[in-house]
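Trainee: Just passing along the structure, written as structure tokens.
Please treat every number below as a calculation from the coordinates, not as lab data. Note that the coordinates shown come from a computational prediction; the quantities given were computed from them, not determined experimentally. Neighbour counts are summed over all protein chains in view; Cβ atoms, including those assigned to glycine, are modelled from backbone coordinates with ideal geometry.
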Amino acid sequence: MTDEYDDEDLDLSTLPDDELVEQMFDDLYNGLRDEIVEGTNILLGRGWSASRVLDEALVEGMRIVGVDFRDGILFVPEVLMAANAMKGGMEILRPLLAETGAQRIGKIVIGTVKGDIHDIGKNLVSMMMEGAGFEVIDIGINNPVEAYLEALEEHKPDILGMSALLTTTMPYMKVVIDTLIEKGIRDDYIVMVGGAPLNEEFGKAIGADAYCRDAGVAVESAKALIQQRRAG
Ligand code: B1M
């Protein structure tokens with residue numbers, strides 16, 4: 001990634017789409033929230049759909065950040081700034097993604113598991129689910145089993161969604177599912193799980209109804225599973 005100090009006066013609106021997106025990768029990398037907000041607005045103003053801006057500019061930019069984080073080139077404070085910049089863009093996209101006006105087709109309680117504070121992926125799933133017509137109750141990060149149980153009791157959703165981004169926290173999903181089994185309420189809910197270190201096999205092994213590779217899959221799985229349940 002390039003150092004952008006020379007670009008302080010750069011007028012983002014003069015860049016063609018491909019260069020603007022490249023610049024947004026750099027701005028995300030450098031944690032520049034205002035620039036990400038501006039870039040997001042410019043792309044929308046040029047007719048890009050909210051989901052295209054999300055996928056091609058923000059999510060791809062965050063993937064690049066993740067690679068350098070893994071390789072020890074970026075550290076936690078820098079990644080936090082990148083996450084904050086990404087959230088700036090997501091705040092603009094959120095109402096647009098949720099704008100379908102569709103009738104509510106189901107309810108989901110979603111949260112990141114205990115010990116885990118990653119929330120960007122979960123927030124994206126929440127946004128896409130809202131956009132698809134679901135009512136979303138987002139219980140945030142670092143949720144112990146009690147928090148999930150409380151939310152299920154209070155909101156009586158169709159779906160419980162759990163997110164985990166760490167290999168050390170993903171086993172906690174099984175703790176939650178096992179507790180639902182113990183309490184005899186497992187079958188009252190569709191359980192969907194997601195997060196970068198998970199896979200299909202893990203989802204099956206812990207007894208989830210669906211492993212969701214990304215937010216799009218989460219929406220499709222939720223729709224299909226709700227339809228199945230209502231038909232049966
Ligand atoms: Co963290 N971190 N992090 N981190 N972090 C990862 C996950 C890591 C892979 C980086 C790396 O080494 N390459 C690595 C995990 C390694 C492992 O466990 N194997 C890691 C580590 C090690 C850590 C710390 C331990 C670092 C440290 O302190 N030494 C620490 C842990 C803190 C904790 O949670 N206790 C830590 C901290 C952080 C920050 C706070 C700095 C920040 C989080 C900020 C925030 O979320 N507010 C952060 C970030 C940003 C990342 C990376 C760079 C990006 C994650 C992200 O937001 N991706 C990440 C590297 C990576 O994943 N490439 C990394 C974008 C997001 C859109 O994708 O979350 O996968 P994702 O969500 C997708 C799908 O997975 C799916 O849909 C989403 C949208 O398409 N999905 C679901 C997710 N949840 C779902 C739930 C569903 C359905 C689908 O329910 C139905």
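Trainee: Could you work out which residue, out of ASP119, ASP188, ASP71, moves most in a Gaussian network model of the chain, that is, has the largest mean-square fluctuation with Cα springs under 10 Å?
Mentor: Result for the chain, Cα springs under 10 Å: ASP71 fluctuates most.
Trainee: Quick query: amide H of THR112 versus all other amide H atoms, modeled in the peptide plane; which residues come in under 5 Å with a sequence gap of 5 or more or a different chain?
Mentor: Answer set, sorted by chain and number: GLY140, ILE141, ASN142, ASN143, SER163.
Trainee: In deg cm²/dmol, rounded to 500, what helix-only [θ] at 222 nm does the chain give when every DSSP H run of at least 4 residues adds -39500 (n - 2.57) and the total is split over its residues?
Mentor: Helix-only estimate at 222 nm: -16000 deg cm²/dmol.
Trainee: I've got another one for you. Quote the relative contact order of the stretch 10-100 in percent (integer), defining contacts as alpha-carbon pairs under 8 Å separated by 6+ residues.
Mentor: Relative contact order comes out at 39 percent.
Trainee: Report, by chain and number, residues whose modeled amide H sits under 5 Å from the one on GLY106, excluding near sequence neighbours (fewer than 5 apart, same chain).
Mentor: The list, which skips near neighbours in sequence, is GLU135.
Trainee: Treating the angle as unsigned and between 0 and 90°, give the value, to the nearest 10°, between the Cα long axis of helix 172-182 and the longest Cα principal axis of the chain.
Mentor: On a 0 to 90 degree scale, this one is about 20.
Trainee: A follow-up question, please. Pairs on different chains or at least eight residues apart, Cα atoms closer than 13 Å: how many lysine pairs in the chain fit?
Mentor: Value for the chain: 5.
Trainee: Which FRET efficiency value, to the nearest 0.05, do you get for THR14 and GLU91 by plugging their Cβ-Cβ distance into 1/(1 + (r/R0)^6) with R0 = 30 Å?
Mentor: The computed FRET efficiency comes out at 0.75.
Trainee: Still on this structure: Could you tell me the distance between the Cα centroids of the stretch 27-84 and the stretch 144-211, to the nearest Å?
Mentor: 29
Trainee: Take peptides 175-185, 32-42, 159-169, 143-153 and line them up by average Cβ neighbours within 10 Å, highest first, as a rough protection proxy.
Mentor: 159-169, 32-42, 143-153, 175-185
Trainee: Using only alpha carbon positions, build the gyration tensor of the stretch 107-231, then give the equivalent ellipsoid semi-axes as the square roots of 5 times its eigenvalues, largest first, whole angstrom.
Mentor: 18, 17, 14
Trainee: Using θ = phi - 60° and the Karplus form 6.51 cos²θ - 1.76 cosθ + 1.60, what ³J(HN,Hα) does each residue of the stretch 225-232 get, whole Hz, x for Gly and Pro?
Mentor: Using θ = phi - 60°, the values come out as 5, 5, 4, 4, 5, 6, 6, x Hz.
Trainee: Taking the Cα atoms only, what angle lies between the long axis of helix 145-155 and the longest principal axis of the chain, rounded to 10 degrees?
Mentor: Rounded to the nearest ten degrees, it is 80.
Trainee: Right, something else. At q = 0.10, 0.11, 0.21, 0.23 Å⁻¹, what is the log10 ratio I(q)/I(0) for the stretch 10-100, with the Debye formula run over Cα points and no solvent?
Mentor: Each listed q corresponds, in turn, to -0.23, -0.28, -0.94, -1.09.
Trainee: I need the phi-derived Karplus couplings for the stretch 13-29: 6.51 cos²θ - 1.76 cosθ + 1.60, θ = phi - 60°, integer Hz, Gly and Pro marked x.
Mentor: Taking θ as phi minus 60°, the curve returns 5, 8, 7, x, 3, 5, 6, 5, 5, 4, 5, 5, 4, 5, 5, 5, 4 Hz for the stretch 13-29.
Trainee: Continuing with the same structure: Counting pairwise Cα distances across the chain, what percent come out greater than 28 angstrom?
Mentor: 35
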